[in-house]
Amino acid sequence: MRMWKKVILIVLAVLILLLGGLYLWQRENIHALIKVFVSDSQVIADELDSKRAEHHEAMEEAAGGELTVKPVTTEQGRDLIDGKVTADEVKDAMGVAQPTETEAVGITKQNLVDQCVAELYAYKVDVMAYLGGLKQAAIDQWNGLEKSQRTSAKKMEISMDGLRKCYAYEAQVDGRVQEILASYRAKMAEIGEDSKPIDDLWYFYCDEKEAEKAYYFDRYLN
């Protein structure tokens with residue numbers, strides 16, 4: 001029964017994506033959904049943890065030293081979306097400090113990579129908190145229905161509306177990430193450093209995003 005439910009959800013979600021055109025981020029969604037269909041839940045979770053650790057290690061190597069922040073864990077992200085912890089609590093656990101003005105004198109490549117990664121990690125936590133709000137809104141909408149209105153069709157309607165909101169928000173998030181990276185490319189240029197570590201962060205962001213989608217599709221769509 002669970003398998004058939006998963007098949008139906010995947011088909012419906014893919015149809016919605018296709019109606020919007022096959023943009024890069026939509027193909028990313030389809031790949032994530034296919035992964036949900038063919039992979040075990042633990043494999044999907046392990047792959048997400050592995051990617052985050054691998055990317056963080058690569059950033060430390062590029063920076064030439066240990067970063068002051070840690071990536072969000074699968075457990076932290078799950079608890080945040082489920083409303084069990086706040087964004088500030090997760091940021092504190094990751095070592096994300098409040099932004100402060102840095103003197104231009106003495107800025108190094110390591111400083112800038114560290115600051116950029118910290119800003120991206122903090123933004124990721126804010127994004128997860130927002131998605132948690134969308135999830136709770138869908139639950140509240142369902143709970144607010146009369147018993148006679150709680151049909152499978154209505155549940156699917158609410159779920160698909162939530163997915164559409166997530167997809168629209170994703171485009172906004174992608175734009176904000178690009179703005180953050182652009183600002184740090186400029187800072188790298190000011191101190192005569194190559195922007196490759198910053199460029200790599202966009203690749204890492206996209207790579208992790210597909211793995212994150214597979215994890216959350218698997219958790220919430222079946």
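The values are calculated or read from the model by the stated rules, or taken from the named source; none is laboratory data. This is a predicted model, so every value here is computed, not measured. Counting neighbours? That spans all protein chains shown, and the Cβs are built from the backbone with ideal geometry, glycine included. All accessible areas refer to the heavy atoms of the entire protein, side chains included, with ligands and DNA or RNA removed. Shrake-Rupley method; radii C 1.70, N 1.55, O 1.52, S 1.80 Å.
Checking every residue in the stretch 107-124 against the condition of being over 17 Å from residue 67 (Cβ atoms) and open to solvent by 40 Å² or more (accessible area, probe 1.4 Å) gives zero matches.
Is it the case that the stretch 175-188 has a residue that's at pLDDT 95 or above and of a type in the set (S, T, N, Q)? For the stretch 175-188, residues at pLDDT 95 or above and of a type in the set (S, T, N, Q): present. Only one of the numbered conditions (1) over 13 Å from residue 211 (Cα atoms); (2) open to solvent by 20 Å² or more (accessible area, probe 1.4 Å) is violated by residue 69, and that is (2). One residue stands out in the stretch 77-93 among those that are in contact with a helix residue (DSSP H, G or I) (Cβ under 6 Å, 6 or more places away or on another chain), hydrophobic (A, V, I, L, M, F, W, C) and farther than 10 Å from residue 132 by Cα: the one that is least open to solvent (accessible area, probe 1.4 Å), namely 90.
Assess whether residue 204 counts as being in contact with a His (Cβ under 7 Å, 6 or more places away or on another chain), in a helix (DSSP H, G or I) and open to solvent by less than 50 Å² (accessible area, probe 1.4 Å). Yes: the conditions hold for residue 204.
Listed here are the residues, each with its yes/no results for (1) closer than 26 Å to residue 194 by Cβ; (2) outside any helix (DSSP H, G or I).
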residue: 61; (1), (2): yes, no
residue: 83; (1), (2): no, yes
residue: 107; (1), (2): yes, yes
residue: 118; (1), (2): yes, no
residue: 127; (1), (2): no, no
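Closer than 30 Å to residue 108 by Cβ, in a helix (DSSP H, G or I) and not β-branched (Val, Ile, Thr) - does that describe any residue in the stretch 166-175? Checking the stretch 166-175: at least one residue is closer than 30 Å to residue 108 by Cβ, in a helix (DSSP H, G or I) and not β-branched (Val, Ile, Thr).
Scanning the stretch 207-222 for residues that are open to solvent by 30 Å² or more (accessible area, probe 1.4 Å) and assigned to a helix (DSSP H, G or I) yields 207, 210, 216, 219, 220. Test residue 61 against the stated conditions and say whether it is closer than 17 Å to residue 206 by Cβ, open to solvent by 70 Å² or more (accessible area, probe 1.4 Å) and not basic (Lys, Arg). Considered against the rule, which asks whether it is closer than 17 Å to residue 206 by Cβ, open to solvent by 70 Å² or more (accessible area, probe 1.4 Å) and not basic (Lys, Arg), residue 61 comes out as no.
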